[in-house]
């Protein structure tokens, strides 16, 4: 029997840059599929046998109507476990600062599901399309044995992850010479396309460099929760003690920043699983038309069936 592996999908984001609405639930496929549908399809195809959906309680009804009820039937047919976790801004190791409205970030999103995870797991964003290759590589890495301090990251090429409609935030990676392990991840905001490649706030970036797209893999010993969850939880307490008081309304606990910090301290290793697939997603309202056209082309090219899940047995 194949080892159990979970895919945790972070779908609790407010989507402020999207201009209102719940961007994770925007239809992009021929039959109103959303981006998450394609990621889940690819994960099931790759061999993941548990899906964890991290959402907010206030969007639960819309979420279940839009995709959840349909997914329950598909996962039930395939013998795949489907569970929900709820990210709550008040679920923190301290007091929420007065006036705080911003969610606490991807680190807290993962912690909201910690009681549900007893197996190796991967993490992705709900509103990013990653392609088949990265999920397949992550799954195949997760079913192997690794040290507790090992982490895998799908390494996208920066030029393949940019939006034509505005700046994006990426974890820009520094790698060892053989390009298999990361030595640092620098969370970089406002990255835009230029004639020569890319830049952030006027500083040129290597458009061929690896970037993190919040697509990580965390191992676990048989029958045990992943060791990374305990580390993430302990460091969240430190974050609340040190960083929140300095920036109470905007401080965020982000996976790339957390992992980057542990890398610099020599407390973990991160293996790059390179993918040449082109990312696309709905960061801005204007992105949606391009995403819809991209999925039409993928269907026309035979990458996906018009009835998305019909090829899974």
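A few remarks follow.
- Some residue of the range 269-288 being surrounded by 15 or more Cβ atoms within 10 Å (Cβ to Cβ), assigned to a helix (DSSP H, G or I), more than 16 Å from the chain's Cα centre (by Cα) and modelled with pLDDT under 90: yes
- Selected residue (only one of 92, 83, 110, 123 is touching a helix residue (DSSP H, G or I) at 6+ places or on another chain (Cβ under 7 Å) and either more than 24 Å from residue 47 (Cα to Cα) or modelled with pLDDT under 95 (or both)): 92
- Qualifying residue in the range 226-239 (condition: over 29 Å from residue 3 (Cα atoms), out of contact with any helix residue (DSSP H, G or I) (no Cβ under 9 Å at 6 or more places or on another chain) and surrounded by fewer than 16 Cβ atoms within 10 Å (Cβ to Cβ)): yes
- Condition met for residue 44 (out of contact with any strand residue (DSSP E or B) (no Cβ under 6 Å at 6 or more places or on another chain), buried (at least 16 other Cβ atoms within 10 Å of the Cβ) and closer than 24 Å to residue 303 by Cα): yes
- Selected residue (only one of 101, 66 is under 27 Å from residue 252 (Cβ atoms), surrounded by 15 or more Cβ atoms within 10 Å (Cβ to Cβ) and out of contact with any strand residue (DSSP E or B) (no Cβ under 6 Å at 6 or more places or on another chain)): 66
- Only one of 263, 255 that is crowded, with 19+ Cβ neighbours inside 10 Å, closer than 22 Å to residue 155 by Cα and under 17 Å from the mean Cα position of the chain (by Cα): 255
- Annotation for the range 292-304: no member residue is more than 16 Å from residue 29 (Cα to Cα), touching a residue at least 40 places away in the same chain (Cβ under 8 Å) and not in a helix (DSSP H, G or I).
- Identity of the residue in the range 143-156, surrounded by 18 or more Cβ atoms within 10 Å (Cβ to Cβ) and over 16 Å from the mean Cα position of the chain (by Cα), that ends up farthest from residue 269 (Cα to Cα): 146
- Identity of the residue in the range 221-242, within 23 Å of the chain's Cα centre (by Cα) and outside any helix (DSSP H, G or I), that ends up nearest to residue 268 (Cα to Cα): 226
- Test: residue in the range 181-193 that is out of contact with any helix residue (DSSP H, G or I) (no Cβ under 7 Å at 6 or more places or on another chain), in a loop (DSSP other than H, G, I, E, B) and at pLDDT 90 or above: no
The values are calculated or read from the model by the stated rules, or taken from the named source; none is laboratory data. Quick caveat: nothing in here was measured; it's all calculated off a predicted structure. Positions of Cβ are generated from backbone atoms using ideal geometry, with glycine treated the same way; all protein chains shown enter the neighbour counts.
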